[in-house]
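Asks: Please read through the structure below; I'll follow up with questions.
What follows draws every value from the coordinates through simple rules; no lab data is involved. Quantities reported herein were computed from a predicted structural model and do not represent experimental measurements. Counting neighbours? That spans all protein chains shown, and the Cβs are built from the backbone with ideal geometry, glycine included.
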Amino acid sequence: MDHKTAEQNSAVEKYLLNEFTTGERQEFEAHFFDCPICADLVRQGAISIDNIKGVFRETPARGAVAGRTARPGSRWFSWVRAPVLVPSLAALVLAAVVSYQNLVSIPRLERPLVLSSAVLSSVSRGVAPVIRVDRKQALFNLNFEVDSPQAYPSYQCEFRNQVNNIVLSVNSGEKKVASFTLNLLLPAKLFPPGAYEMVLRPDSSPNLELRRYDFVIQNQGEDH
Amino acid sequence: MILASRSCSARTSSYRSFTPSLYDRVYRVSVNLDRHTFDRGYIERLIQGDAEAERHFARYFGDLLVIKLRARLRSPQLIEDARQETFVRVLHVLRNKGGLEYPERLGAFVNAVCENVLLETFRSGSRLQQLPEDAPEPVDQGASAESEFVTRERKALVRNLLSKLSDTDREILRQLFLEERDKDEICREFRIDRDYLRVRVHRALARCRVVLDKGEQTAALTNAAGQ
């Protein structure tokens, strides 16, 4: 890596924010140990960040609740106070969530799942492809054929329903390629039957649209 | 945990410890350290044990080594051990091999030696394992485990700067650096993308740099005037 590349790629910020892969980090370290300008920026950046953390540690977080004194009341209703009620309700909610997870969600996730090999293409003529979802499974898979005009480090997949609301946004993870098959496991409950589209964008340019994929979700065992 | 290289205790005992002086740590004046190029004369002075050259060498590379090492090692003691071992090995090679073929690449050589020290640390099967690639920064063990970069004077300057930032910028920095919240979640909450998050961090750090530089220059001048 040379200094111009480091500057253009905001390498100092990426390094300090721990956004590099191992290889990229080693490459930048090899550079700034030799480059006095980048060494200065990294050193001062690290000093700044450590002192910012130090200041914030001493400062109460926003929304910190000041202590409240309990109002005197009858013994019968003395437990009906926020400091008692709120944690109690939170415990009840937690118990309900854990029970649901143990009795419903985890068993569904532990069932074996046959993955579909069908690949959705962005070129769509005529009827959008139909994807049948087994509602007994928590997840279903979709595969997208991606052919981007250029390679990006990662991509964002934006799923919209027929009223154009975003139901889910998924990051592709590190790709760095332009053409690939994107395999996704998606939560079935977010995709009730209906028409959808997936809009593919580069992670670094969320306003740029690369490809659109239309598809229709149906419940398995039902005919449209 | 004792590094395998520590078995060469006879070798290590002949070099002074490369710990910056108290003055350096409190009133580190970056202008004296920066933009330094390394030449044959500098290497010669290091080889001959020139105190000023060794002090500069320790200050210049000491910070960079800590920044590099703490992203890979959990324990402050391991970090310090690795830093000292790197210094010892670099000087050992310079003195026994009579210098470097390309003195201007001294930085790359220090970095390469540090990489080897790190590999040996990991291979020696330390209880304190290497951090995975995408692991968050190691959690501080407590308020007393503040970095050596933090001083009362710097915090005062930074506190003043933070008070002048917008609420949004201040909250972004808090969530990013103190709470170590996922960056994508921060971007979603504040409706910005990762590039723009980086830009905001860059601006905040640039302002911090100016404030800290000015503060340290003032402190150094005050100290010099007092002497």
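Asks: Find how much the distance from residue A:174 to residue A:37 grows on full extension, using 0.36 nm per residue of separation minus their present alpha carbon separation; answer in nm with one decimal.
Replies: Details: separation 137, 0.36 × 137 = 49.32 nm, distance 2.92 nm.
Length difference between fully extended and current span is 46.4 nm.
Asks: If R₀ is 56 angstrom, what is the calculated FRET efficiency for the pair residue B:185 and residue B:116, using the beta carbon separation as r and rounding to 0.05? Numbers along the way, then the final one.
Replies: Working: r = 37 Å, r/R0 = 0.67.
Efficiency for this residue pair is about 0.90.
Asks: Could you work out how far apart the two model spin labels at residue A:93 and residue B:160 are, taking each label as a point 7 Å from the Cα in the direction of the beta carbon, and quote it in nm?
Replies: That separation, rounded to one decimal, is 4.4 nm.
Asks: For residue A:137, what residues show an amide H to amide H distance below 5 Å, using hydrogens built from the backbone and excluding near sequence neighbours?
Replies: Answer set, sorted by chain and number: none.
Asks: Calculate, for residue A:115 and residue A:86, the FRET efficiency according to 1/(1 + (r/R0)^6) with r their C-beta to C-beta distance and R0 51 Å; round to the nearest 0.05. Write out the running numbers ahead of the final one.
Replies: Working: r = 44 Å, r/R0 = 0.86.
About 0.70, to the nearest 0.05.
Asks: Considering all projection directions equally, how large on average is the shadow of the alpha-carbon convex hull of the range A:119-219, in square nanometres? Don't skip to the end; give the middle numbers.
Replies: Details: hull surface 24.4 nm².
Approximately 6.1 nm², given one-decimal rounding.
Asks: Give the calculated FRET efficiency between residue B:105 and residue A:154 to the nearest 0.05, with a Förster radius of 25 Å applied to their Cβ-Cβ distance.
Replies: Working: r = 34 Å, r/R0 = 1.36.
After rounding, the FRET efficiency stands at 0.15.
Asks: Quick check: pseudo-label points 7 Å beyond the Cα along Cα→Cβ at residue B:45 and residue A:59, how many nm apart are they?
Replies: Simple spin-label model gives 4.1 nm for this pair.
Asks: Roughly speaking, what is the centre-to-centre gap between the range A:151-224 and the range B:56-77 when only Cα atoms are used, to the nearest Å?
Replies: Using only Cα atoms, the two centres lie 43 Å from each other.
Asks: From the mean inverse distance of alpha carbon pairs (Kirkwood) and the Cα radius of gyration, derive Rg over Rh for the range A:3-58.
Replies: Taking Rh as the inverse mean 1/r over Cα pairs, Rg/Rh reads 1.02.
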